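So the structure is just underneath, and the comments pick up after that.
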Amino acid sequence: MPRHLFAAFSLLVLSSCALAQDLVQQAIDARAGKHYARAAALYTEAFEHDRVQFPLLVDAAGAYALAGDRKNAMATLTRAYQSGYTDAAHAEQDSELASLRADPAWAGLIAQMKVKATFDARLWNSPALATGFRDNISDDEKLAGLSKFWSEVKYNFVFVEQLKKLDWDALYLAYIPKVRATTSTAQFYRVLSELCAQLQDGHTNVYAPGQVYEKQITRAPLNTALVQGKVMVLDVFDAQLRADGVLRGVEITAIDGVPVKVYAEREVTPYSSASTQQDLDNRTYGFALLDGPLDVAAQVTFKDAQGTVFDTAVGRVSWDAWRKVRPNSAPFTLRMLDGDVAYVALNSFDGPEAADAFMAAYGQIAQSSALIIDLRDNGGGSSSVGYRVLATLTTQPFPTSRWSTRDYRPSYRAWGKNMPNFGSDLQIMQPDGQRYYAKPVLVLTAASTFSAAEDFAVAFDAMGRGRIVGEPTGGSTGQPLFITLPGGGRARICTKQDSYPDGRAFVGVGVQPGVLVHPTVADLRQGRDTVLQAALALLAEPAK
């Protein structure tokens, strides 16, 4: 687990203990202010209130190390190991623990972690089922992989009613012959993805081995989306395609001679795990529409704004090549718009960068007449990153989403007793205290607003701090459990159900904007941002 995720994890799991949660937040603030010794003491104190949360001790060890207190850092890291921390790879790569590697006790502690981790893995993640990649793994490995996925879902997937609705055991039985019929590892993972998609959850997915992605699931150098019922090109990252007339605002009408929606419903939708229709449309017509073999070009039929229809071969590129040609959005961008409106795009919560940059730019933001926060390209990460930004928009403590998880007790099952979910207390975040933006705020959302970005939208909506403008969010958040599968692949399973602070659902629904605005084909072709323009128009309205 990367360093920045430990504090976020701690805030999540400690939400049932208000005192510990408050201590963790104080520790995060102290660490941000480079008061490392104080941060270490606060993390340690928080652990005393919830002894199963060993990540707090890892954070404390890192803080002690940053403070130059190697003795306490090693003692605390040892205590973390004794409490359950066995991630030697993380410890060896963690930059905050770098100074400890010269300690005489370091090598022995790392060796103990590795031995314990190997032993513990026999229960949940035995190497016996983590076989390496081959073009066609054995039938036994495939059946073992199916069985592992089925069993992990049965006991960990949080949406139990969906398992009952599907009759998960019956589906398992039905997929045994499908798995046996596959003649390659790539086919096996496609069948497993089809099974997974029936769970209808965006945080429950199957991932093929990297070797399959390198050759069989590669990308076209385009960005596409469903706009007003049409499949539209958003961005083109290939000069030859642009020369051929494939430009922003061109419509895709067919792929390989098949009408585009028929093609998508046959080749893409059945293998896409999604929580809502808007999430499914985003995955089908955005992420995966033109994915396919590296050595086979897609024959695509386009139609431009004048109605001219033309066919072009669209080659695919490797994921490495895709990442190089596709511009990467910075986690944070700031632009000042007409009327001194500050436009802030929070594009990722994968790390602390978005919140750090917001705080660094706060002086400029504070001078604006209004603030627009754009979450439309934010696929999530750590919820605590977004909460840091929200904390500057209020002077009062504010609630975030509630969560619950399954509470499976074998003896209860044997006794025929009900097993209700374990639910958290309401998680309350504290205001920033040093910064308070009191002017109008709008938040922009879309179906690609996902996971931790939705947690941000939920908290903002519950605060009543301003309006959400745009389209419903993807409707999927939660804590996934990752598992390894034979042949080098893996899967993740959603283990946590979230809701609004008052219990209202947004998973499977999406956070609904107060002002619903859909992008239009005409604006796309004219280079206009429909949703942003609507937000600016709202800000220009006379105050009521």
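The values are calculated or read from the model by the stated rules, or taken from the named source; none is laboratory data. This one's a predicted model, so the numbers in the text were calculated from it and none came from an experiment. Reconstructed Cβ throughout: ideal geometry from the backbone, glycine too, with neighbour counts over all protein chains shown. Surface areas here come from the heavy atoms of the whole protein model, side chains and all, with no ligands, DNA or RNA. Shrake-Rupley method; radii C 1.70, N 1.55, O 1.52, S 1.80 Å.
Some points to look at:
- For the chain, the relative contact order works out to 14 percent when only alpha carbon pairs closer than 8 Å and six or more residues apart are counted.
- Ordering Pro177, Ala370, Thr392 by Cα displacement along the dipole of the chain toward the positive end leaves Pro177 in first place; charges were set at the Cβ atoms of Lys, Arg (+1) and Asp, Glu (-1).
- Compactness check for the stretch 339-428: Cα Rg over 2.2 N^0.38 Å is 1.60.
- For a paramagnetic label modelled on Gln533 (point 7 Å from Cα along Cα→Cβ), amide N atoms under 18 Å away belong, within the stretch 234-268, to 234, 248-250.
- Hull volume per residue, based on the alpha-carbon atoms of the stretch 442-484 and their convex hull, is 63 Å³.
- Solvent-accessible surface (1.4 angstrom probe) belonging to Thr333, in square angstrom, nearest 10: 50
- The DSSP beta bridges internal to the chain are antiparallel in roughly 75% of cases.
- For the stretch 79-151, the convex hull drawn through the C-alpha positions has a volume of 129 cubic angstrom per residue.
- Inter-label distance, nm, simple model (7 Å from Cα along the C-beta direction), Phe310/Ala360: 4.3
- Estimated from the Cβ-Cβ distance and a Förster radius of 56 angstrom, the FRET efficiency linking Thr118 and Asn418 is about 0.90.
- The Cα-based radius of gyration of the stretch 483-544, divided by its Kirkwood radius, gives an Rg/Rh of 1.23.
- Counting all C-alpha pairs of the stretch 405-532, share separated by more than 22 Å (%): 55
- Note on the stretch 220-271: Cα-Cα pairs beyond 14 Å make up 55% of the total pair count.
- Estimated at 0.36 nm per residue, the fully extended path between Lys165 and Asn223 surpasses their Cα-Cα distance by 17.3 nm.
- Solvent-accessible area per residue, Å², over the stretch 12-130 with all protein chains present [probe radius 1.4 Å]: 49
- Note on the chain: with charges restricted to the Cβ of Lys and Arg (+1) and Asp and Glu (-1), its dipole about the Cα centre is near 700 debye.
- Cα-projected label distance for Ile176 with Ser369, points at 7 Å along beta-carbon direction, nm: 7.0
- Shape summary: the stretch 231-343 maps onto an equivalent ellipsoid whose semi-axes, from the alpha-carbon gyration tensor, are 26, 19, 17 Å in decreasing order.
- Paramagnetic label zone (point 7 Å from Cα along Cα-to-C-beta, Lys34; backbone N under 16 Å) in the stretch 51-75: 63-69
- Think of the chain as having a plus end and a minus end, set by charges on the Cβ of Lys, Arg, Asp and Glu; of Ile110, Phe188, Thr218, Ile110 sits farthest toward the positive end of this dipole.
- Alpha carbon centroid spacing (whole Å) that separates the stretch 457-480 from the stretch 491-528: 7
- For the pair Thr333 and Arg266 in one chain, pulling the backbone fully straight at 0.36 nm per residue adds 20.3 nm over the alpha carbon distance.
- Gyration tensor (alpha-carbon) shape descriptor, the stretch 135-222, a/c threshold 1.5: oblate
- Whether the stretch 111-166 is rounded, prolate or oblate, judged on the alpha carbon gyration tensor where a/c under 1.5 counts as rounded: oblate
- Debye, to nearest 20: dipole size of the stretch 134-214, +1 on Lys, Arg Cβ, -1 on Asp, Glu Cβ: 100
- Under 17 Å from a label point set 7 Å out along the Cα-to-Cβ vector of Ala540, the amide N atoms of the stretch 363-395 belong to 369-372.
- Normalised by 2.2 N^0.38 Å, where N is the number of residues, the C-alpha radius of gyration of the chain stands at 1.03.
- Each Lys or Arg adds one and each Asp or Glu takes one away; over the other residues whose Cβ falls under 13 Å from the Cβ of Asp244, this sums to -2.
- A Förster radius of 41 Å combined with the Cβ-Cβ distance from Ala107 to Glu194 puts the calculated FRET efficiency at roughly 0.30.
- Site-free segments of the chain were taken between chymotrypsin sites (Phe, Trp or Tyr not before Pro) in DSSP loops having at most 14 other Cβ atoms within 10 Å, sites themselves excluded; the longest one is 1-407.
- Probe 1.4 Å - accessible area at His35, Å² to nearest ten: 110
- Overall form of the stretch 279-338 per C-alpha gyration tensor (a/c, 1.5; a/b vs b/c): oblate
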